[in-house]
Amino acid sequence: MNIETQAMTVHPQAMTVHPQAMTVHPHAKPARLDPEEQIARLSLLQWESRGPWALGWILQHFPSERGKPLSQEAIALQIDALTPHHWRASPFLLSWLQSSNHHVLWSLQDDRYPESLQQGSGACRALFVEGDPVHLRRHGLAIVGGRACSDRAAELARSFAETLAGAGLSIISGMAEGIDAAAHLGALQAKGVTIAVMGTGVDRCYPRVHQHLREKIAEQGAVITALLPGQRIEKFRFLQRNRLIAGLAVAVLVVQARLQSGALSTAQAAADLGKNVFAVPGSIDDPRSKGCHQLIRQGASLTERMEDIYSELPWLLAAPRKAIVSPQVFSPEKQVDGANRSGTPQIDLLRQRIGHDAFDVHHLAHLMQSSYETALLQSLRWELEGLIHREPNGRYVLRML
């Protein structure tokens, strides 16, 4: 009898839980577990790969594998492994948990566990967090792509991340080389929040050259993983990481990716969850952009500028920090004579300056005496309000009143 079949023969008493043990007060914050209990619980997760009832089965029936009875030595080793202090990762975890910046979040017990991961393919029992767990509950956008990317693609990823992080969103990525690293660096440059999701346990840094980057991310955001210490680096674990990225993010932006890139699995996981997927096109002759082109054919939003993201997710306009508009140009006191038909003094002043000529964001920033980002956000608000119209060439014109 194989492990899946015998798993169903667990004695009912083994699953008995006292009703009071399941009582949770909705407004009460659960007590934090001490390191010893954390390690004890984590050591049990080693058996999840054998099936949901494997632990009870091992305790009661000393299972066989593939129809072959286990030797007494093998049985002794399995039972011995259930003792937390005998788990190989115990010494590391005991030391790791001593830091006030290190946390283990349990999905069913910890109020800090992100709600976005409670359901769906990104769900996991426990999260290891280096940094501040509060960042996991804020709106974040994932920026992913290939490791062997072009310099231009890395520059674009960094620019998108810097703008979005500066606007108040967290930037989520996988801390890999190439696009991932560029996205994290852009968020760090903006003094914003970035979250790195690792495809290894907390006892490893992959790639090793990103150890310094990992430390900076933990200081300014969070580094997380759902994998236990000691687990080997394997391809399927990075697919699990990609689903975790998609679960955390409100949307995914793919900057440059080959057809075999793991970034496409992140995009697919996001699409399966009903989330927006954006893709930056590249040269038709560059195999590094073929994955993005495929995503666009499948329905991802073609993305060349920040406007393309905000137009698909207009609610993001409420997330950015409040822009400071220069009173010298767009002060409410400077209203035109007569009735204000548009109800927007700023539009009337813009009409006085440029009439019905087309203008771009750079021109608007110059007129507003503001940053490009402030002008971009203002133009997007006006477009959503129907006060200006964007032409196919990307320039804007004022709508006729």
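The values are calculated or read from the model by the stated rules, or taken from the named source; none is laboratory data. On a predicted model such as this, the values are computed, not experimentally measured, just so you know. So basically every Cβ, Gly included, is an ideal-geometry build from the backbone, and we count neighbours across all protein chains shown. Just the protein is used for accessible areas: all its heavy atoms, side chains included, with ligands, DNA and RNA removed. Shrake-Rupley method; radii C 1.70, N 1.55, O 1.52, S 1.80 Å.
Quick notes on this one:
- Residues ARG41 and GLU312, FRET efficiency given R0 of 35 Å [Cβ-Cβ distance, rounded to 0.05]: 0.30
- For LYS216, the aspartates and glutamates whose Cα falls under 16 Å of its own Cα, not counting residues fewer than eight places away in the same chain, are GLU130, ASP132, GLU162, GLU177, ASP180.
- With the cut-off at under 17 Å, measuring from each backbone N in region 360-381 to a point 7 Å along the Cα-to-Cβ line of ARG399 picks out 378-381.
- Diffusion coefficient (Stokes-Einstein, Kirkwood radius over C-alpha pairs, 37 °C, 0.692 mPa s) for region 205-326: 200 µm²/s, rounded to a whole number.
- ARG138 sits with roughly 90 Å² accessible to a 1.4 Å probe, with DNA, RNA and ligands left out of the calculation.
- Rg and Dmax, both from the Cα atoms of region 153-278 and both in Å, are 13.4, 38.
- Kirkwood hydrodynamic radius of region 96-209, from the reciprocal of the average inverse Cα-Cα distance over all distinct pairs: 14.8 Å.
- The label point for ARG152 and the one for LEU239, both projected 7 Å from the Cα toward the Cβ, are 3.3 nm apart.
- Using heavy atoms of the protein chains and a probe of 1.4 Å, the accessible area assigned to ARG381 is about 80 Å².
- Each Lys and Arg adds +1 at its Cβ and each Asp and Glu adds -1 at its Cβ; summed about the Cα centre, region 251-298 shows a dipole of about 20 debye.
- When peptides 202-214, 175-187, 144-156 are ranked by their average number of other Cβ atoms within 10 Å per residue, the highest-first order is 175-187, 144-156, 202-214.
- Legend: residues GLU215, GLU383, sorted from most to least accessible area (1.4 Å probe; ligands, DNA and RNA excluded), read GLU215, GLU383.
- Pairwise centroid distance, computed over Cα atoms, of region 344-392 with region 203-228, Å: 41 Å
- Label sites at GLN260 and SER371, each approximated as a point 7 angstrom past Cα along Cα to Cβ, lie 4.1 nm apart.
- Dmax and Rg, reported as Rg then Dmax, of region 217-276 (C-alpha, Å): 12.6, 35
- Rg [Å, one decimal], Dmax [Å, integer] - region 346-391, C-alpha atoms: 9.7, 24
- Estimated D of region 264-312 in µm² per second, where Rh is the Kirkwood radius over Cα pairs and Stokes-Einstein applies at 10 °C, 1.306 mPa s: 142 µm²/s
- Within region 151-274: Cβ-based charge dipole about Cα centre, in debye rounded to nearest 20 (Lys, Arg +1; Asp, Glu -1): 260 debye
- Positive-end residue of ALA157, ILE217, MET198, charge dipole of region 79-225 with Cβ unit charges: ALA157
- The label point for SER107 and the one for ASP132, both projected 7 Å from the Cα toward the Cβ, are 2.7 nm apart.
- Heavy-atom SASA rank of GLU385, GLU307 (probe 1.4 Å, accessible area, largest first): GLU385, GLU307
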